[in-house]
Structures are given as C-alpha cells and as structure tokens.
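One structure is given here, and the rest of the page talks about it.
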Amino acid sequence: MQQKLSVTGDIDSLFRVLPRQSGIKTEKDDQTLVFSAATPDAMVKFKRSLAIWLSDIIVENYEIKYIEKALNRKYCHLSSAEKREILSQAVNETTAPQFENRQDLISSRLFDYLSGSDILLIDGFVNFRLKEYKESLADAVDKAVDRYLTEREYSEFINLLRYFVQMQEPREPVIHIVSTTYGRYSLYDENANEITHQCIEDFMESVGDTKVNFDDLLISSLITLAPIKTVIHNGGGIKNREVLETIYKVFEGSVTACDGCSLCEKYLK
C-alpha cells in the first residue's frame, strides 16, 4: 500500500531545493507538498532524511523571525536603531556552545513526530514542539539586551569623564602611573615626586569612606589632575584591565606605555 506524507508551510520559500530520494514522488497543492512512497520502509527512510534537511531549514528561516519576535514583544520601548544593534548581537549569541547541536535536537524532534504522523504543519511544529528551542532564543535576546545596555552605560560613563576632564585646567602636565602590588598604584608627577598619599587624602575627603578602592582612586585622581600627558609603567601588572581601558579611552591620544625605566624597575624587583 502506498505511503503518503503531507507537509504544509511556506512551500515556495522553504522548499526551493528538496532532498532527493529514489522511490519518492512529490506533488504540490497550494502550500502543501505530498510525498508518496511505495513501501513503509521507504517512507521511514525518507522521513529521516526530511527531518535532517528540515532542521537546517528551520534554523535558517525561523530563527531570525523568532529572535525579532521576542525582541519586539519584550523590548518594544527600544528604538528601531537599538533593536537593529541588539538583533545583530542576539544572532551572534546563537554561536554560543549551547546552540551547537540545535539542528540535531530539531531533527530528532521532527523524526519522533513524523514517526507517528503523516501530516506536518511546519509552523505548528515549531510553535508547539520546539518550546525549549524558542526559549533559548528568547534567552539569547535577553543576554544581547543586557550586553547592549551595559555597553551603552559604559560609553555614557566614558563620555561623562571626558567632559569633566575637558572642563578642567590641567593641574599636572605629566602624571606617571606605576602598578605596584596587590592591585595598587603609585602616582608620580613630572619630576618623579610621589603624590600618591596626597591623592588618597583628596579621594577620602571627597567620598567620606574609610576604605580605599584603588581602582576608583586612580580614575578619580586622574580626572582631578587632568594631566596633559599620562605615562603608564609596568602596565602588565594592572589586574583590572577595564581600568586600563578606561584610562586610554578617557585620555585618548595622551596616554603612553613605558617600555622600561627606573620606576618600572623599582616595582618589578
């Protein structure tokens, strides 16, 4: 008895190229394709091939749609430009390890479903049989939004610090930053006089705290001193690379790294 399988969906766009298999006949009726096989074994073999092929098609054609849908539903307050940027980041999230085997998961679910049914509605299958997959795409959107907002806040923070520096008259023409030990720094003026203690006192007076966060101290001191030039010594010893990145961005074009001098040697001993 002839075996049949009907598949309904956006046939023209999804089925531009069909998997070829001997003994399988194909008929098209509007948005439905009907596959016919002479024997049950031939149909099972075809369904297995079709499941693998359709898993790639679903990732290629549905993934971006569901990412956009999740983005528009949950973050409708964002602008079109923001959504475009986040969409790009969310698509990049699908390269993460948890997405590596998504085609295998989808093809397995498809074959399990087709093993008990001769009718496949592609949209319905994706909507109701791939909930975990869709949830993982929604998680990718959430992560992309969090990253975007964090990067935007950091950019705004950098611009604010730049503004503070530009509004001040330089108190020191040159400041030398030396990474010492335990995440601490020493600051020297252009004449190699250490000014760290004075910077700490000024910082403590402004924050009114008994504990010193040396990363905050460094950034605050540089903003206050607004040096024309900043030289970083023993930069490899700076554990918090974000602090180093912030200095380079805030004082863009006026920061140099020392290749080696007496200050570097002093703290490398």
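So which residues in segment 54-83 are surrounded by fewer than 17 Cβ atoms within 10 Å (Cβ to Cβ), hydrophobic (A, V, I, L, M, F, W, C) and part of a helix (DSSP H, G or I)? Selection gives Val59, Ile64, Ala81. Residues that are under 30 Å from Thr224 (Cα atoms), of a type in the set (Ser, Thr, Tyr) and either within 20 Å of the chain's Cα centre (by Cα) or surrounded by 18 or more Cβ atoms within 10 Å (Cβ to Cβ) (or both) within segment 132-165 comprise Tyr148, Thr150, Tyr154, Ser155, listed in sequence order. If I filter segment 49-67 for residues that are under 23 Å from the mean Cα position of the chain (by Cα) and more than 25 Å from Asp112 (Cα to Cα), do I get at least one hit? There is at least one residue in segment 49-67 that is under 23 Å from the mean Cα position of the chain (by Cα) and more than 25 Å from Asp112 (Cα to Cα).
Annotation note: of Arg162, Arg152, the sole residue that is more than 28 Å from Asn92 (Cβ to Cβ), part of a helix (DSSP H, G or I) and basic (Lys, Arg) is Arg162.
Just so you know, in segment 84-118 the residues that are surrounded by 14 or more Cβ atoms within 10 Å (Cβ to Cβ) and among the aliphatic types (A, V, I, L, M) include one that is farthest from Leu71 (Cα to Cα), and it is Leu114.
None of the figures in this text is laboratory data; all of them are computed from the coordinates on show. As the structure is a computational prediction, the values presented were derived from the model and not from experiment. Cβ sites come from the backbone with ideal geometry, for glycine too, and all protein chains shown count toward neighbours.
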